[in-house]
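Only one structure is covered here, and it is reproduced in the block below.
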Amino acid sequence: MSISRRDLALGLMGLASAEELAAAWQHAHDAAAGGTKLEYLSAADASEIEALVSQIIPSDDTPGAKEAGAVYFIDRALASWDRGQREVYRAGLADLQQRRRAAFPLSASIAGLASEQAVALLQGIETTPFFEALRTHTILGFSGPPSYGGNRGKVGWTHIGVEDKMIFEPPFGYYDAEGTR
Amino acid sequence: MKYRPSEVVDFVVVGAGAAGGVVAKELSAAGFRVVVLEQGPYLREKDFTHDEIHYVRHQGLTNDQKQQPVTFRRSENEPAVNFKAIAYGRQVGGGTVHFAANYWRFHESDFVERSSWGAIPGTAFADWPLRYADLEPHYAKAERDMGVSGLAGANPFDSPRSGPYPLPPMPVKSSGVLFDRGARKLGLHPYPAPVAILSQPYHGRGACTHCGYCQWFGCEMRAKSSTLATVIPMAEKTGRCEVRPNSYARRIQMARDGRVTGVVYFDARRREVLQRAKAVVVCANGVETPRLLLMSKTNRFPHGLANSSGMLGKCLMWDNSAGVQCVFEHPLNDYKGIRATRVLQDYYDCDPKRGFYGGGAMDARFGSFPASFGLGGLPPDVPRWGAEFKKALAWYFPRTMMIVGHSPSLPMERNNVTLDPAVKDAWGLPAARITFDYHADDVKCAKWLWQKQIEILEAAGAKKVWGKLNEKPGMSVHLMGTCRMGHDARTSVVNAFSQSHDVKNLFLVDGSNFVTSARQQPTATIQALAYRASGYMIEAARRGEL
Ligand SMILES: Cc1cc2nc3c(=O)[nH]c(=O)nc-3n(C[C@H](O)[C@H](O)[C@H](O)COP(=O)(O)OP(=O)(O)OC[C@H]3O[C@@H](n4cnc5c(N)ncnc54)[C@H](O)[C@@H]3O)c2cc1C
């Protein structure tokens, strides 16, 4: 469930418009299996937020916040149990777009920025409530319970070595064997 | 069993927690008719899941700050603010549903610390009106009824036991092994943690499957020995005990003759109902018990029911505990298995050479569940986001463990529970207002113990050690001391059997009875006190005194 190479390339070059990117993003996600409908966020905002969470827990040789579906987690949180954070997101995102336009006047969207540019943008807001909300939600959406729409395929748990089981048998860890009793 | 509220039952018990469950079982097994009013829901094992957001982040099994706000201030000179300063289990089973299940007896020394240490100015430091020997049979009974796993004789500092634990200890985890390693190098005496969790099948319940979701969670396997899984079903089986959930007590009813006659509560539809009874037992915990009594003031008791001493709500003691985290070279996978598998009590007793009152105990345990770990479990030198953060998550999570140090909180009248004059809960009742700050010795002791925790981890070969020691009170989950027991009706609220000095058919049985805080982990002692008080109630009722 990734945006096509072409969409990405366009985005990175800043050539695609925010709307186009959002449409491509929505398309790519709809094609993926299950649970990709947005309940609260617009597709455009979701695309921007996904670009941000992807900097907080990036995708490299292993899945990151994006593959975990953190943006769906955020969408559902804002639609239900964390409605109180809506304004933080709205104001925070608006402020961030302003900062983006000031810093990268040629860019059309956050999703269209190069990775270093997005990182620089986030570094500028690290102490804001918006960043705190984003970071918290990204982590919850990465390694929290999959029933909230994130941690898809349990990638967040796999990343930290957690097996999702009700029954374990000792030895649990490397040092158990050293135990005398 | 169902009773009509208008029916005068023998006992009405408020609160179905650690103590309430025991009292309900003991009284009903002795032939008395009992109604238990519990404000929270009646959850079953099938209701529990491993949802970290609901159970840990939102503390879903505890008091809800939105519905029942708590306010907090550090001294009476400050305005109280809306802050969840205390957390307790709010369902049938109370705090035993989601506790970590560390089940420690207090020591002989705990009951006589005032005599051995001397007075501490500015505090209400006192001996208990009973001794360890008075409680020993009740500790033993509690361990048998609940099902506690442990190894008798393994802790050289334990006070005498009349017998072994009913179940062998739980298997040790890597955190326990490493703790053993470090502690033994320093000549200390770690031992298998006594826990209210089944290491083997017991009384029709299955053994623990080591899923790891103990603290903040309810156990789907009924392997955690909560009162929900143990004594409450036993009480119901007698056919004489009704557990009535979603029933929020708002006032204890008192007659002109100075005896209590029942409890007024809000039912699930928020209608006020009076349950009549010959005697009332309040087991609502160290904050809610004094609150209910303060809300039940009468002309005779204008400062709160059963408060002729003026001590009701005072001497609240805090859960003084601090964790040090560390990382080792290889994976511990400490998320598997119960929270803590090793304890150490070498530093338990006071020692004047230290220059402050107090001693400490510690346990080796798992730190945080996956998402909580990502939010706050990493050392401070690791970036908070980005590629390095992601890498650190994977490396640290399986290799991290912690030692939690447990130290005392001195009883002081200035630390207390009162009714907030302004803030109301969703039922229109005054919020509990908590006033609390540490005694200087509380902080000194915690800091000293903290160094000992670090020494052990370093001796064990930890690659990095980190943590934060709070000098300001955060949230307390051990609620002790607000209806203290004592022989003298002028300085205590209940006698040594948890009976109100002022009102003979009123008993207050829970963490509120504590005179001192020992080294925390209060639940075993709360339940031992509940068995002892129940025995006394049964005798008194049979003699027709209630
Ligand atoms: C996360 C966590 C971990 C813990 N781990 C440990 C541990 O490892 N070892 C240990 O010893 N202790 C532990 N504790 C503490 C332990 O839970 C408490 O010490 C214990 O449950 C207190 O027992 P109690 O009988 O005093 O009150 P509770 O167990 O709190 O029971 C009181 C009951 O009364 C009900 N109630 C209150 N007011 C009213 C009212 N007005 N009307 C009707 N019902 C009412 C409450 O809903 C509750 O069910 C832990 C606590 C927490 C929060």
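Would you pick out the residues in region B:274-300 that are modelled with pLDDT of 95 or more, open to solvent by 20 Å² or more (accessible area, probe 1.4 Å) and more than 14 Å from the ligand (Cβ to nearest atom)?
Listed by number, the residues that qualify are B:Arg276, B:Lys278, B:Lys297, B:Thr298.
Only residues that are within 7 Å of chain B (Cβ to nearest Cβ) and under 24 Å from B:Ala460 (Cα atoms): list them for region A:146-181, please.
The answer is A:Ile160, A:Gly161, A:Pro170, A:Phe172, A:Gly173, A:Tyr174, A:Tyr175, A:Asp176, A:Glu178, A:Gly179, A:Arg181.
Residues checked against (1) within 16 Å of the ligand (Cβ to nearest atom); (2) in the same structural domain as B:Ala87 (by TED's automatic domain parsing); (3) closer than 30 Å to B:Gln67 by Cβ; (4) open to solvent by 30 Å² or more (accessible area, probe 1.4 Å):
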residue: B:Leu429; (1), (2), (3), (4): yes, yes, yes, no
residue: B:Trp448; (1), (2), (3), (4): no, no, no, yes
residue: B:Ala462; (1), (2), (3), (4): no, no, no, no
residue: B:Val493; (1), (2), (3), (4): yes, yes, yes, no
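Can you run down the residue pairs with Cβ atoms below 8 Å, 6 or more apart or on separate chains, where the first is in region A:41-66 and of a type in the set (Ser, Thr, Tyr) and the partner is modelled with pLDDT under 95 and buried (at least 22 other Cβ atoms within 10 Å of the Cβ)?
A:Ser47/A:Leu21; A:Ser47/A:Trp25
Which one is farthest from B:Gln345 (Cα to Cα), of the residues in region B:104-132 that are assigned to a helix (DSSP H, G or I) and out of contact with any Phe, Trp or Tyr (no Cβ under 8 Å at 6 or more places or on another chain)?
B:Ser115
Restricting to region B:316-337, and then to whatever is out of contact with any Pro (no Cβ under 9 Å at 6 or more places or on another chain) and within 16 Å of the ligand (Cβ to nearest atom), can you tell me which residue is farthest from B:Phe514 (Cα to Cα)?
B:Gly323
In region A:42-87, what residues are among the aromatic types (Phe, Trp, Tyr) and within 12 Å of another protein chain (Cβ to nearest Cβ)?
Scanning region A:42-87 gives A:Phe73, A:Trp81.
Looking only at region B:495-546, which residues are of a type in the set (Gly, Ala, Ser), within 12 Å of the ligand (Cβ to nearest atom) and part of a helix (DSSP H, G or I)?
Matches in region B:495-546: B:Gly511, B:Ser512, B:Ala524, B:Ala528, B:Ala530, B:Ala533.
For region B:26-44, which positions are open to solvent by less than 20 Å² (accessible area, probe 1.4 Å) and either part of a helix (DSSP H, G or I) or modelled with pLDDT under 95 (or both)?
B:Leu27, B:Ser28 - these are the residues of region B:26-44 that are open to solvent by less than 20 Å² (accessible area, probe 1.4 Å) and either part of a helix (DSSP H, G or I) or modelled with pLDDT under 95 (or both).
For region B:205-221, state whether one or more residues are farther than 19 Å from B:Asp51 by Cβ, away from chain A (no Cβ under 11 Å) and in contact (Cβ under 8 Å) with a residue 24 or more places away in the chain.
Within region B:205-221, one or more residues are farther than 19 Å from B:Asp51 by Cβ, away from chain A (no Cβ under 11 Å) and in contact (Cβ under 8 Å) with a residue 24 or more places away in the chain.
So B:Asp488 passes all but one of these: (1) buried (at least 22 other Cβ atoms within 10 Å of the Cβ); (2) away from the ligand (no atom under 16 Å from the Cβ). Which condition number does it fail?
(1)
Take B:Trp466 and tell me if it is aromatic (Phe, Trp, Tyr), away from the ligand (no atom under 13 Å from the Cβ) and either within 28 Å of B:Ile526 (Cβ to Cβ) or at pLDDT below 95 (or both).
In short, no.
Please specify each residue of region A:96-123 satisfying the condition of being surrounded by fewer than 14 Cβ atoms within 10 Å (Cβ to Cβ) and closer than 26 Å to A:Arg83 by Cα.
Residues satisfying the conditions are A:Gln98, A:Gln123.
If I ask for residues that are within 16 Å of the ligand (Cβ to nearest atom) and of a type in the set (Val, Ile, Thr), which ones from region B:62-93 would you list?
Within region B:62-93, B:Thr62, B:Val70, B:Ile86, B:Val92 meet the criteria.
Considering only region B:151-187, state which residues are surrounded by fewer than 19 Cβ atoms within 10 Å (Cβ to Cβ) and either away from chain A (no Cβ under 14 Å) or modelled with pLDDT under 95 (or both).
Within region B:151-187, B:Pro156, B:Phe157, B:Asp158, B:Ser159, B:Pro160, B:Arg161, B:Ser162, B:Gly163, B:Pro164, B:Leu186, B:Gly187 qualify.
Look at A:Phe142 and say whether it is surrounded by 15 or more Cβ atoms within 10 Å (Cβ to Cβ), touching a Gly at 6+ places or on another chain (Cβ under 7 Å) and farther than 25 Å from B:Thr209 by Cβ.
yes
Being farther than 30 Å from A:Gly150 by Cβ and within 13 Å of the ligand (Cβ to nearest atom) is the requirement here; does B:Ala16 meet it?
So B:Ala16 passes the test.
Let me spell it out: the conditions are (1) within 13 Å of chain A (Cβ to nearest Cβ); (2) surrounded by fewer than 24 Cβ atoms within 10 Å (Cβ to Cβ); (3) at positive phi, and B:Tyr396 meets all of them except one. Which number is the exception?
Only one criterion is unmet by B:Tyr396, namely (3).
One residue is enough: does region B:143-161 have a residue meeting the conditions out of contact with any strand residue (DSSP E or B) (no Cβ under 9 Å at 6 or more places or on another chain), under 28 Å from A:Tyr175 (Cβ atoms) and outside any loop (DSSP other than H, G, I, E, B)?
No, every residue in region B:143-161 fails to be out of contact with any strand residue (DSSP E or B) (no Cβ under 9 Å at 6 or more places or on another chain), under 28 Å from A:Tyr175 (Cβ atoms) and outside any loop (DSSP other than H, G, I, E, B).
So is A:Arg135 of a type outside the set (Ser, Thr, Tyr), buried (at least 17 other Cβ atoms within 10 Å of the Cβ), in contact (Cβ under 8 Å) with a residue 60 or more places away in the chain and more than 7 Å from chain B (Cβ to nearest Cβ) or not?
No.
Please enumerate the residues belonging to region B:373-385 that are open to solvent by 10 Å² or more (accessible area, probe 1.4 Å) and at the interface with chain A (Cβ under 9 Å from one of its Cβ atoms).
Those that are open to solvent by 10 Å² or more (accessible area, probe 1.4 Å) and at the interface with chain A (Cβ under 9 Å from one of its Cβ atoms): B:Leu375, B:Arg384, B:Trp385.
Among the residues that make up region B:33-54, is at least one of them more than 9 Å from the ligand (Cβ to nearest atom) and within 18 Å of the chain's Cα centre (by Cα)?
So far as region B:33-54 goes, no, none of its residues is more than 9 Å from the ligand (Cβ to nearest atom) and within 18 Å of the chain's Cα centre (by Cα).
Report, by residue number, each residue of region B:338-365 that is open to solvent by 10 Å² or more (accessible area, probe 1.4 Å) and within 14 Å of chain A (Cβ to nearest Cβ).
Residues satisfying the conditions are B:Arg339, B:Arg365.
Considering only region A:145-181, state which residues are polar (S, T, N, Q) and open to solvent by 40 Å² or more (accessible area, probe 1.4 Å).
Matches in region A:145-181: A:Ser147, A:Thr158, A:Thr180.
The values are calculated or read from the model by the stated rules, or taken from the named source; none is laboratory data. Since we're looking at a predicted model, the values are computed, not measured. Positions of Cβ are backbone-derived with ideal geometry, glycine not excepted, and every protein chain shown enters the neighbour counts. Accessible surface areas use protein heavy atoms only, side chains included; no ligands, DNA or RNA. Shrake-Rupley method; radii C 1.70, N 1.55, O 1.52, S 1.80 Å.
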